[in-house]
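Notes follow once the structure below has been shown.
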Amino acid sequence: MSITEKSEHSERGAASGSDAPEELGAAGAQLSTQPVDSLNSVPALGVIGWLRWMWRQLTSMRVALVLLFLLSLAAIPGSLIPQHSDALKVDTFKKHHPGISPLYERLGLFHVYSSPWFAAIYILLFVSLAGCIVPRTWQFVGQLRARPPAAPRHLTRLPAYSTWRTDAEPDQVLKAAHKALRGRRFRTSLSAAGDMPGGSVAAEKGYLREAGNLLFHVALFGLLISFAVTSLNKAEGGKLIVEGDGFANNLTQYDDFSPSTLYGADDLKPFGFTLDSFDSKYETSGPDIGSPRVFKANIHYWNGADGKPVKGVIDTNHPLSIGGEKVYLIGHGYAPVVTVKDAQGNVAFQGPVPFLPQDSNITSTGTIKVPDALDKKGKPDQLAFTGYFTPTGDASAGPRSFFPGLDAPLLFLNAYHGDLGIDSGISQNVYQLDTKHMKQIKLQTSTPGINAVALKPGEAITLPNGAGSLTFTGVKTWASFQISHQSGNETALVSGAAAILGLMGSLFIQRRRIWVRASRGADGTTVVETGGLGRSESVRIADEIGALALQLQPDAPALPDDENDENGGGAEVESTSRTASDTATRTDDEGARA
């Protein structure tokens, strides 16, 4: 019995199907559903010919990969340049880069994902995948329904080949081969032994390779649809809440809100929550001193207009789902509680004022605006205070916190009076003070050259000339939340998992065909031939041919010949790409694997 494996070069050519039309015919055809690359073909003259040529290029694998690469490149500016969804960052970028900003604006780089050029790449990739998937799916369905192709006339031209002579009848050999291949889960087709040039069994296996390939492309198609649905039907909003305060999901409650094409303020779900308390813990010693250990917002939330309050917890890595919306914890800080009295002795302002962190130790800045203050004559004289809050500070070291925990809180403030500009109708940033129409009040401080007072909880500032006072009564914690509505996440997750499974199938499953032919020889014995053809370069096809030949020995025992007698009646394996010693080793390995 002789099993021959072709050289690597010839196997590669046969596996790729380059010689299949000329030498193997239908046996080497349609091992893949990949369409023929026609980029170098010249279309027929005329509009129809050009349109057909353009469609073939658009639906080719090469163009699809180029479009996918372009889409990846096009998404880079969206992650590096501020987008219109965050108007504050866009305005800040334009102030710092006045020269390049007009060019970015014309190119649509401040709204990359809704720009025409990004949409053009996206749509072309969408069409390319659709045009690639549909015909390949129909072709694959046709292959599943068709019988394995008949054996080629010359099995010796296949990458793996085996032959021997036996006294068994051809029909007996074919039935044994058919049963053996069916047991190995091949799809088989048996032709009669009387057919010319002899009866044969055709078998094929590894259809899941093409199924995985198609699944991968369909999953990419699903991912594109999911991303499109997500971008069209999403909304995000932010809200800063001081402990003890609450939030209701309507437009007036948001600090900022970014709607989308299919989801706006009218689509907001009725729910809300109250921030009961905020738990934070930090490392108190070692090299990681000040590093956060616990960030947790304790809330009561309700869903629907008549929903009952339910306890809940939101931490950094575990958002809360309320009414189909996700609530994320994105930051926290401190809000000094102050009481401000005007020159009339009336309480003009009382409550917590959030200060925004500036460093990892939560050194924070903020503004206290008092629009309802009156002077001694009872006329409006609006007050404002700006400065820093340090959760763990030292008055002698200035406005700088040494630890993020609330160990030694200090409030450093400057005072102003005049017109805040609130009555002008122009919107203002609540965390910034426009001093254009205000005058700074000189305070009595113990630090020369610094017009700021450092207050501990319980201490107060008395403004000169009886203009009023400010008392620092305590500190509350605030937390900022992002309320997000997104659809299509589940579809994207399923599509991503399907893409991975499809890619694994297309990489690790080998598509292959095996043929067994049995015919009566001139000397009256039966000549058995087996051959195999693989979709890609793999030694599995040669191994399977050898294992099949050994499995058929009980039903079709090989007759001894002179060469085999000299070698003790064993099987001889020849390979044009190996030495004699390698051949002997391969014989033993194949016998062990069989």
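Just so you know, all these numbers are worked out from the coordinates, no wet-lab data involved. The shown structure was predicted, so the numbers you read here are calculated from the model rather than taken from an experiment. Counting neighbours? That spans all protein chains shown, and the Cβs are built from the backbone with ideal geometry, glycine included.
Backbone geometry of region 362-367 corresponds, through the Karplus equation with coefficients 6.51, -1.76 and 1.60 at θ = phi - 60°, to 3J(HN,Hα) couplings of 6, 5, 10, 10, x, 9 Hz, x marking Gly and Pro. Couplings 3J(HN,Hα) for region 250-260, derived from phi with the Karplus relation 6.51 cos²θ - 1.76 cosθ + 1.60 (θ = phi - 60°), are 9, 4, 5, 8, 7, 6, 8, 8, 10, x, 10 Hz, where x marks Gly and Pro. For region 232-280 versus region 469-493, the inter-centroid distance based on Cα atoms is 8 Å. Phi angles across region 114-125 convert, under the Karplus curve 6.51 cos²θ - 1.76 cosθ + 1.60 with θ = phi - 60°, into 3J(HN,Hα) values of 10, 6, x, 5, 5, 5, 5, 4, 4, 5, 4, 5 Hz, Gly and Pro given as x. Pairs K296/K341; K94/K369; K89/K269: which are spaced more than 32 Å apart, C-alpha to C-alpha? Exceeds cut-off: K296/K341. Measuring against 18 Å, Cα to Cα, the residue pairs K379/K442; K376/K436; K379/K439 contain K379/K442; K376/K436 as the ones spanning a longer distance.
The order of the peptides 211-223, 429-441 by mean Cβ neighbours within 10 Å, most packed first, is 211-223, 429-441.
Here region 326-484 is treated as a sphere whose radius is the Kirkwood value from Cα pairs; by Stokes-Einstein at 25 °C and 0.890 mPa s it diffuses with a coefficient of 151 µm²/s.
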